[in-house]
Amino acid sequence: MKRVNLKTIGEMVGVSASTVSRVLNGKSYVNEKTRKKVLEAISKTNYQPNELAQSLKMGSSTAICLMIPSIQNLIFAPICKGLEKVARERGYIVVLCNTDEDEEMEKIYIEKMRSRWTDGFVFACAKANEENVRSLQKTGVPIVLVNRYNEDDIDNIDIVGVDNFKATYDGMKYLISRGCKRIAFAMGEQRLFFYRERLRGYKAALHDSGLEYDDSLVMYEKKSAEDFYHLTQELIKRDENIDAIFASSDPKAIVIMRALHDMGIRIPEDVSVLGFDDVELSAILEPPLSTVRQPFYQFGITAGNALINQIEYKNANGVLPPSKRYILDHEVVVRKSTK
């Protein structure tokens, strides 16, 4: 069957392909009688415009890219869901790229998506390569970073996240209010700024509560969350006075709870455990995990609106708007893993 295109439609109604194009775009005047004939021919043939060709012509695709490091990580599903909701409501689609925490793969995805006229990028990668982001920024494409920033933030890029220092500080103050005094801390990768901010919040809460900071109570991640199984057991064997462990992420808290359980230590009667994230799994653990909630779904909503606002501003003004920081509210969620 012969492929239907603009020329085919034009021949059916006795007009040029450019006239058919004007009817489809709705941007130029076309005689009403002619317009109706063209639309009838389009309906009769079930003609579908080539959106890729239109994207190349217009330099826009109404597609936005969400870059994540792992589809297995529980925090990214609600972010994606929130972003997709906003995109759908505002006439965009979301293309998901999973980098597997590979900086070279991230670069390849960026190049491929840019070649398809992707309108903007949301990076939900804590380890997003700064060089890749800076190179992309130079092209003038709208960018939003979710839960990923540092002391030397890249100028003119919107940021979405929580105040990691304050969130951890509040979590610590809760534990201290419940009578905990010997509180260990499970620290994530030190090169990541938000983990350093969480450690800073831990130290500040101890200081403000008149409790001494003891570096021997801080467990440091080496390869993955699984490190904390043995680190926790070694720590408890060294110091039997520990009455709480604050994990800087829920996956770490889950491993810590398993380690304590296997040692016969009761949660929370012997040791309280507090996480950070509030991933969906946290509420169905035994006991259910108390944690500091990050509003991941709202991260996606906020990032989507921020990115599309940038896109529309740039389309109207030719430049990106001033960058913004969107710091969302956290919440200490009390369940049954703490006293």
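Please treat every number below as a calculation from the coordinates, not as lab data. Bear in mind that the values here come from a model prediction, so they are computed numbers and not experimental data. Here Cβ is always computed from backbone atoms with ideal geometry, including for glycine, and neighbour counts include all displayed protein chains.
What dipole magnitude, in Debye to the nearest 20, does segment 6-49 give about its Cα centre under +1 on Lys/Arg Cβ and -1 on Asp/Glu Cβ?
80 debye
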remark   = Amide H proximity to Phe185 below 5 Å, modelled H, separation 5+ or other chain, gives Val218, Met219, Phe246
ask   = Which of these, Val30, Val141, Val133, has the largest mean-square fluctuation under a Gaussian network model of the chain (Cα springs below 10 Å)?
value = Val30
message = Under 5 Å between amide hydrogens, which residues at least 5 positions from Arg293 or on another chain qualify, with H placed 1.01 Å from N in the peptide plane?
response = Asp277, Glu331, Val332, Val333
ask   = What's the exposure ranking of Leu211, Leu192, going from fewest to most Cβ atoms within 10 Å?
value = Leu211, Leu192
Segment 97-111 - phi-based ³J(HN,Hα) in whole Hz, Karplus 6.51/-1.76/1.60, Gly and Pro as x = 10, 9, 8, 6, 6, 9, 5, 5, 5, 4, 4, 4, 4, 4, 5
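If you put +1 on each Lys and Arg Cβ and -1 on each Asp and Glu Cβ, how big is the dipole of the chain around its Cα centre, in Debye rounded to 20?
Dipole about the Cα centre, nearest 20: 2080 debye.
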query = Where in segment 235-256 does the label zone of Glu101 land, with the point 7 angstrom along Cα→C-beta and an amide N cut-off under 17 Å?
reply = 248-256
request  = Order these peptides, 92-99, 319-326, by their mean beta-carbon neighbour count within 10 angstrom, highest first.
outcome  = 92-99, 319-326
key: Likely footprinting exposure, Lys252, Lys314, fewest C-beta neighbours within 10 Å first   = Lys314, Lys252
note = A correct fewest-to-most ranking of Ser209, Ser224, Ser248 by other Cβ atoms within 10 Å would be Ser224, Ser209, Ser248
Dipole of the chain, positive end: most advanced residue of Val86, Gly171, Thr8 [Cβ charges, Cα centre] = Thr8
query = Gain in length, Asn31 to Asp215, computed as 0.36 nm per residue apart minus the alpha-carbon separation, to one decimal in nm?
reply = 58.3 nm
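Could you work out the relative contact order of the chain? I mean the mean sequence separation of Cα pairs under 8 Å and 6+ apart, divided by the number of residues, in percent.
Result for the chain is 18 percent.
Ratio of alpha-carbon Rg to the 2.2 N^0.38 Å globular estimate for segment 164-295, to two decimals, please.
Output field value: 0.94.
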task = Filter the cross-link list Lys252/Lys336; Lys138/Lys324; Lys81/Lys324; Lys173/Lys252; Lys44/Lys81 down to pairs whose alpha-carbon distance in this structure exceeds 25 Å.
result = Lys44/Lys81
Top of Asn315, Asn132, Asn156 by mean-square fluctuation, Gaussian network on the chain, Cα under 10 Å = Asn315
ask   = Peptides 285-293, 237-245: what's the order by average Cβ count within 10 Å, highest mean first?
value = 285-293, 237-245
Using a Förster distance of 25 Å, the FRET efficiency for Arg90-Thr45 (Cβ separation, nearest 0.05) = 0.25
note = Listed by chain and number, the residues whose amide H is under 5 Å from that of Ala63, excluding neighbours fewer than 5 places away on the same chain and using placed H, are Ile93, Asp119
remark   = Computed over the chain: longest principal axis from alpha-carbon atoms vs helix 32-45 long axis, angle to nearest 10 degrees, is 60 degrees
key: Calculated FRET value between Tyr313 and Ala77, using beta carbons and R₀ = 30 Å, to 0.05   = 0.55
